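Below you'll find the structure, written out as structure tokens, and then a few comments.
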Amino acid sequence: MVPSLEPVDRPVALGAQVYDTLRAYLRDGAIRAGQPLQEVQLATQLGVSRTPVREALARLASEGLLVSGGRSYMVPELTLADVDDIYEVRFLIEPPATRRVAERSADPRVRAPIEAALAEARAAHRAGDAAAFRESHVRFRSAWLALVPNRRLVKVIEQYADHMQRIRALTLDDAGIRAIVLAGFERLTAALRAGDGDAAAAATHAHLVEARRAFVTAIGLDKT
């Protein structure tokens, strides 16, 4: 059984709440790779019928967060090919996105949420607080994504958010990786302060290169 799952309330959109609950556990790495997820057990733990659980599991599988294992679902093991696929997409779409953000970000009022999230990330890193750093990481990305004028581009980026959050949950306990991530935030924010689109895109690309290398090493995929 999945540890610490609490029964959910019974709002109108019960299937959506079950989906959100399981998705949050997957994002946080609380459900380990290979662990079977069965409708009956999950329905009992969540205090719901099997139907919304079945719908939620199928939806999560369609998004690539789960795979079918016969009579159950499970979290797939991350492979080097998985990480490479995710980062290939990120290399293609995130640098152009931050270039567009730089068109607006020289204004301190527009940039304020980015600066606030960066300050939180600095404080969390100094305190050695991995949980707070993960939260500030989410806020930093949300802050610059909110400034991307092409909302279709944002939706494409957000499709990979859960996959990346799972990787971060596995790696951001490492202070060395947090330092790499924070340095990337600093470089990107400096470019956004200057309103320099080329520098923002370059900072994003460099950050992705370093983050991919660090994540692959941290979870042992460099040895496969």
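The values are calculated or read from the model by the stated rules, or taken from the named source; none is laboratory data. Everything numeric here is computed off the predicted structure, so don't read it as measured data. Cβ sites come from the backbone with ideal geometry, for glycine too, and all protein chains shown count toward neighbours.
In the list Glu186, Glu135, Glu158, which residue meets the criterion of being more than 20 Å from Pro96 (Cα to Cα) and not β-branched (Val, Ile, Thr)?
Values: Glu186 fails: more than 20 Å from Pro96 (Cα to Cα); Glu158 fails: more than 20 Å from Pro96 (Cα to Cα).
Testing whether each residue is more than 20 Å from Pro96 (Cα to Cα) and not β-branched (Val, Ile, Thr) leaves just Glu135.
Could you list, in sequence order, the residues of region 70-83 that are exposed (fewer than 15 other Cβ atoms within 10 Å of the Cβ) and either in a loop (DSSP other than H, G, I, E, B) or free of Cβ contacts under 8 Å to residues at least 24 places away in the same chain (or both)?
Correct list: Gly70, Arg71, Glu77, Thr79, Ala81.
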Leu170: under 12 Å from the mean Cα position of the chain (by Cα) and not assigned by TED's automatic domain parsing to the domain that holds Ala24, yes or no?
-> yes
If Asp84 satisfies every condition in (1) among the charged types (D, E, K, R); (2) under 21 Å from Ala202 (Cα atoms); (3) in contact with a Gly (Cβ under 9 Å, 6 or more places away or on another chain) but one, which is the exception?
-> (3)
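Taking region 57-86, which residues are acidic (Asp, Glu) and under 13 Å from Arg212 (Cβ atoms)? Steps first, please.
Taking region 57-86 first, the residues acidic (Asp, Glu) are 63, 77, 82, 84-85.
If the condition is that a residue be acidic (Asp, Glu) and under 13 Å from Arg212 (Cβ atoms), then Asp82, Asp84, Asp85 are the ones that fit.
Consider Asp173 carefully, then state whether it is under 18 Å from Tyr25 (Cβ atoms) and assigned to a helix (DSSP H, G or I). Show your work before the answer.
Details: under 18 Å from Tyr25 (Cβ atoms): yes; assigned to a helix (DSSP H, G or I): no.
The answer is no for Asp173.
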Count - residues of region 71-116 that are hydrophobic (A, V, I, L, M, F, W, C) and more than 16 Å from the chain's Cα centre (by Cα) = 12
In region 139-148, which residues are surrounded by fewer than 15 Cβ atoms within 10 Å (Cβ to Cβ) and of a type in the set (A, V, I, L, M, F, W, C)?
-> Ala146
Might you check whether a residue that is over 22 Å from His125 (Cα atoms) and surrounded by fewer than 15 Cβ atoms within 10 Å (Cβ to Cβ) occurs anywhere in region 164-175?
-> no
